[in-house]
Number of protein chains: 2
Amino acid sequence: MLQIQTIFQLLPQSLSRHIADNPFKRTLRKLSAIRMMTFMFLSAGCLEAGTQTESSVSILDFGVKPGSGQDATPAIRQAIEECRAKGIKRLVLPAGQYDMWPDRAAEMQIFVSNNDSGLKRIGFPLVGVDGLEIDGSGASILFHGPMVPFFISDSQDITIRNLAFDFVRPIHSEGKVLAITPESVDVEFSEEFPFEIRNGVLVFTGPKPSPEATTTVKTGEVIYPYGNLLAFDAEKRETAYMAKDRYGLSEGVHAKEIGKRQARLFVDRVTAEPGDILVFGPNRDYPGIIIEDSKNVLLEKVDIHHCGGMGVIAQRSADVFVHKVNVVPPEGSERVLSITADATHFVNMTGKIELVDCVFENQKDDATNVHGLYARVTRRIAPDEIEVKLVHPQQFGVDFIKPGMRLELTKGPTLEPLGYAIAKEVTRINSEYTLVKTEAPMPKEFVEGDAVADADANTAEVLIKNCIIAKNRARGILLGSRGKMVIEGNTFHTPGAAILFEGDARYWYEQAGVRDVVIRNNVFDNCNFGVWGNSVIQVGTGMDKEARKTSAYNKNIVIEDNLFRVFDSIPLLNIYAVDGLKFRNNRLERTSAYPARQKSTPEMFVVEGCANLQLEKPTEVAK
Amino acid sequence: MLQIQTIFQLLPQSLSRHIADNPFKRTLRKLSAIRMMTFMFLSAGCLEAGTQTESSVSILDFGVKPGSGQDATPAIRQAIEECRAKGIKRLVLPAGQYDMWPDRAAEMQIFVSNNDSGLKRIGFPLVGVDGLEIDGSGASILFHGPMVPFFISDSQDITIRNLAFDFVRPIHSEGKVLAITPESVDVEFSEEFPFEIRNGVLVFTGPKPSPEATTTVKTGEVIYPYGNLLAFDAEKRETAYMAKDRYGLSEGVHAKEIGKRQARLFVDRVTAEPGDILVFGPNRDYPGIIIEDSKNVLLEKVDIHHCGGMGVIAQRSADVFVHKVNVVPPEGSERVLSITADATHFVNMTGKIELVDCVFENQKDDATNVHGLYARVTRRIAPDEIEVKLVHPQQFGVDFIKPGMRLELTKGPTLEPLGYAIAKEVTRINSEYTLVKTEAPMPKEFVEGDAVADADANTAEVLIKNCIIAKNRARGILLGSRGKMVIEGNTFHTPGAAILFEGDARYWYEQAGVRDVVIRNNVFDNCNFGVWGNSVIQVGTGMDKEARKTSAYNKNIVIEDNLFRVFDSIPLLNIYAVDGLKFRNNRLERTSAYPARQKSTPEMFVVEGCANLQLEKPTEVAK
């Protein structure tokens, strides 16, 4: 078997980001060249680097047999490295099950937006790869410990197709509600979710927990943390009607055993009914497929049955195609949750984004969110210098400001544009703070509390077509790209708003502000059966109340030829800060799918401020 | 004020380690040159790099005034960077108090032996510095959040003198025991240790905890974790007589409020008396002074009042001098704990180590431990190839095997030497696993479960002289260097063994095996009032029982001219696996400082196996 010296050991992943960020490209191109040279030099002893050009290799050649139960991780790492080094364009995994453990997996410090940063073990590390298709032939991959399945960084022309992945012990936990009071909830856990009550505290463990530590050395035991609770309806297999998130549990909850695999949890304010499935939400440490600083990535026929973060998270990349990707619990599983955060998420993207023929079900957050990043101005140091901060802890380290970049200057409280500045010198202090000098002085009214964004990112053209988006927590899709966005032929059955226009520079720090959106031929099937929204299509842009009246943050939205199935008098549209919206030729069907809300809103359209609206009442249709 | 582009933003710290580890030095020297070039290029716009040679600068020149309460962190970072870039050899902090916050501190991924790895904020980042004295003129530095005070990496000729540091909110917590039962302990906390009972769980917080999270975004609140308990005697201000560590609390403990700042903790098996101070031990995330891959470092007149890890931890370095360093709680403080782990600790060192005129008191582990690292053989791949693993989680990432290195091959269960091998190719898989090819085949009997060490590290000459080592948890000094070690003129008052000879390749994976030790003119003042040992001077080498009889792992120890003050019939010496030990001309004074142990051992010397012993009974002396 080949023993490959990989570049990963020598140059930590974070370097590639630092290279990308660097003001002085010439110096860094040299560094990059050295990096590649180093790799080739290291590889020379064991590989005929670059001399062969086989078109395809099989993982079988690396000593792994599907279904054998052996740890496929080292072989997969070596196979990817061989493809990269020799320019082989296709890696085939014959059908069958592959088992992967984190022990011998590649490891990198990863900062990934809207997920949790850290030193991660990685199943398929694709770093600096130029052209590779991984074809799973229908294979299923089972991960045996917390890790990131796929990490695509600094790469281009990557395809991943025909495979499914799951985790033997999900990163989150689930249990069935036996009884509930205002102060406690009784829960029964299946063997899929091992737990202990340790010193009176509920602790989720791995399949075979180690014995209690008896020295200062850590046990190496894997603990599965939780921070929040949410009830799912066990029959409908969707978030329970009007169930609320119960946050604030990151430090654990007091519990006592009340029966075999049964515990009473002393947590107040849980909204659930006996029979519901309570989901214990973890951190977002293990997204499924991370794409960063890459170009032209196709994910096709990939089933993401589980991961401990977002399913697909792409940042600072161009052209990402997600076709026939299904985020769903595995067939035959009793789990109500697929993955623990958004099905997909796109940050500071350019080029194209396509979500076509996908199923996004039962994930613990939105189906997608396409946005940019705002950094907050924390100090106005000089006319041409500011200190900025990434504010949302899950944006720490997701650096995006580079010398030469055109920065969009934005008033924080109103999101009002203040023009542009060109970054000249960028000095990173740490994963939170950066100093930025600009070519010319910035406007005087641009002050602490305002925000900057990359003016030329978050411009991807977006196509979301023929997808099923259902039974997940929260909303359907959050649209914030400034490129043309077409949303057509999808079916939404979401507990919150099906479509949300967000963007703010005071809480999430997600840059949005659409320019051209068409929402056409979709079915909105009894959405809003939960607490995450006040209408089927909604503006949630964060700005001062006064600004809402005049802001044109969101522009040119067309909503046509859709079918709205609603179970009570929820507004179809609740908007502000919009300039240009046509709502036309839509149909409305009334259902009795759920009980009516306690407080209903008779208006079909709720409008505050806004300009150039053309709102036609939908045609009422029978079932 | 100067705005300095620092190398830290471009080349993560881990790179320097990777450079150090690399087999192909020529390529990496290029990389190193580029690194420096990059720095100079970046600095050129703002600094006249290398052209000035002022002999000394003051932190005042960087806009910081002692006592002002302002955040000195950015100025200190800039001052160090200016010294480095311009070759300035002295940085002065005029006397007074400096406040430092982690917010704008440098940040690096640090793997540091026997402490916890991670992405750390750093107060004084000294990376790649060639010659710098930081003179605090008696200044005190107060850290306002979790961070590493000093990080010295890839540097040489560094002096830090005349300063003290402390943390406004200690990383650990302490509380006074009000009452205790076999199932619970009632504790009162002073305002120095803010806490909450959250969902029935004891949670230590920062000075101003944020309100409970209400969204999926983290609060940014700083939590102060704990994992174990240990009682201290409030009057004697040392670990309580025979108190035991209570481990296994990392996931929290159930608690309820029983009065103002009083809580009942439902933890069983705590050994404490009402009136004792219970110390809640944290992880070792924030050592005080980290030294790695460096040469010639002098710490002089430094008071380490607190840090959340070891006080001084040095690894893969040469010539570290610790003179007049005091690890003690700050004057006037009610805290019984100084720092949360060993006062000092030295791993894979060469050259000289000196601990002279120091006070190491009240730290939550040994005063020092000088040892090497063993990596465990996890796979014997070929006659000339093995896979090895760093086993202790706090050794993960502390890579030490480099191409060209002479490896010591050791039988794991017996620590029997099996000869040497020269590493030829070293492939790091991740922070745990590494593949090693050797120049020649290794012996057949060298198999899985055996261990390798750097045969030429852990050879430092050690001088420990005129130090006071008292009132800490566990032992005094752990001696494992293979260089000449002289321990003289010290006073020990430790609850465990004053001096321990360890080393094992099955649990701690610390390479030891002394060759030449002189223990002379010390006072062993009523040691062994706690549970961490069975004699004043002890061998604790980890090996199979059978091997103890014949092993010569520890060699040539002379113990002479010491005074042993003992309060009952504890052995002075309990040894095995020793070849050559002289115990001569020592004195014994009997005291009544503590109650006698429940089970006493009449023998003065307990010996198993061993060869070439010369044991003279000590002369009994009156007080």
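Coordinate-derived values only; no laboratory data. Remember, it's a predicted structure, so these values are computed and weren't measured experimentally. Glycine also receives a Cβ, built like all others from the backbone with ideal geometry; neighbour counts cover every protein chain displayed.
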Two-decimal Rg/Rh of chain A from alpha-carbon positions, Kirkwood Rh? 0.97
Students often forget the sequence filter, so: which lysines lie under 30 Å Cα-Cα from B:LYS65 once same-chain residues fewer than 8 apart are removed? A:LYS389, A:LYS437, A:LYS444, B:LYS86, B:LYS89, B:LYS120, B:LYS208, B:LYS301, B:LYS324
Over the alpha-carbon set of segment B:173-281, divide Rg by the Kirkwood Rh and report the Rg/Rh ratio to two decimals. 0.99
Amide H within-cut-off set for A:LEU615, under 5 Å, with H built and near neighbours excluded: A:PHE583
Between the label point of B:GLU183 and that of the same position in each other copy, find the distances and list them shortest first in nm, with every label point placed 7 Å from Cα along the Cα-to-C-beta direction. 1.7
When 1/r is averaged over all different Cα pairs and the result inverted, which Kirkwood radius in Å belongs to segment B:373-452? 12.2
Just need the Rg to Rh number for segment B:305-450, please, alpha carbons only, Kirkwood Rh. 1.09
Mind jotting down the distance between the C-alpha centroids of segment B:473-496 and segment A:508-577, whole Å? 70
Quote the FRET efficiency, to the nearest 0.05, computed for A:ARG515 versus A:GLU608 with a Förster distance R0 of 22 Å and r equal to the Cβ-Cβ distance. 0.60
Segment B:317-388 and segment A:144-180 have their Cα centres apart by a whole-number Å value of 39
By Kyte-Doolittle mean hydropathy of at least -0.5 and Cα axial length of at least 27 Å, which whole DSSP H helices of chain B are selected? B:25-44
Take each of the peptides A:163-175, A:89-101, average the number of other beta-carbon atoms within 10 Å over its residues, and list them starting from the highest. A:163-175, A:89-101
Rule-of-thumb check for segment B:426-570: C-alpha Rg over 2.2 N^0.38 Å? 1.22
Spelling out what I want: for every residue of segment B:493-510, take phi, set θ = phi - 60°, compute 6.51 cos²θ - 1.76 cosθ + 1.60 (Karplus), and round to whole Hz; glycine and proline get x. 9, 10, x, x, 4, 6, 10, 10, 9, 10, x, 6, 10, 8, 9, 8, 6, 9
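Using only atoms on other chains, find how many Cβ atoms lie within 10 Å of each Cβ of peptide B:201-207 and report the average.
Mean partner-chain Cβ count within 10 Å for B:201-207: 3.
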With x for Gly and Pro, the residue-by-residue ³J(HN,Hα) of segment A:440-453, computed from phi through the Karplus equation 6.51 cos²θ - 1.76 cosθ + 1.60 at θ = phi - 60° and given in whole Hz, is 10, x, 8, x, 4, 6, 8, 9, 3, x, 7, 9, 10, 9
For segment A:469-474, in order, what is each residue's ³J(HN,Hα) by Karplus, 6.51 cos²θ - 1.76 cosθ + 1.60 with θ = phi - 60°, in whole Hz (x at glycine and Pro)? 10, 7, 6, 8, 6, 6
Could you rank the peptides B:354-360, A:182-188, A:617-623 by their average count of other C-beta atoms within 10 Å per residue, with the highest value first? B:354-360, A:182-188, A:617-623
Put a label point 7 Å from Cα along the Cβ direction on A:LYS402, then list its distances to the equivalent points in the other copies in nm, shortest first. 3.4
Stokes-Einstein D for segment A:379-420 (20 °C, 1.002 mPa s, Kirkwood Rh from Cα pairs), in µm²/s, comes to 177
Can you give the mean number of other chain Cβ atoms that lie within 10 Å of the Cβ atoms in peptide B:100-107? 4
What are the residues whose amide H is under 5 Å from the amide H of A:GLN109, where those residues sit 5 or more places off or on another chain and H is modelled from the backbone? A:GLN13, A:SER14, A:LYS120
Please work out the Cα convex hull volume for the protein assembly as shown and give it in Å³ per residue. 167
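Return the FRET efficiency for the residue pair B:GLU192, B:ASP130: r is the Cβ-Cβ distance, R0 is 45 Å, and the value is rounded to the nearest 0.05.
It comes to 0.65.
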With n ≥ 4 as the cut-off for DSSP H runs, can you work out [θ] at 222 nm for chain B, using -39500 (n - 2.57) per run divided by the number of residues, rounded to the nearest 500? -2500 deg cm²/dmol
Find every distance from the label point of A:ASP384 to the corresponding label point in the other copies (7 Å from Cα along Cα→Cβ) and write them in nm, one decimal, shortest first. 6.0
Please list, in chain and number order, the residues 5+ apart from B:ASP303 or on another chain whose amide H is under 5 Å from its amide H, with Hs placed from the backbone. B:LEU163, B:ALA164, B:PHE165, B:ASN326
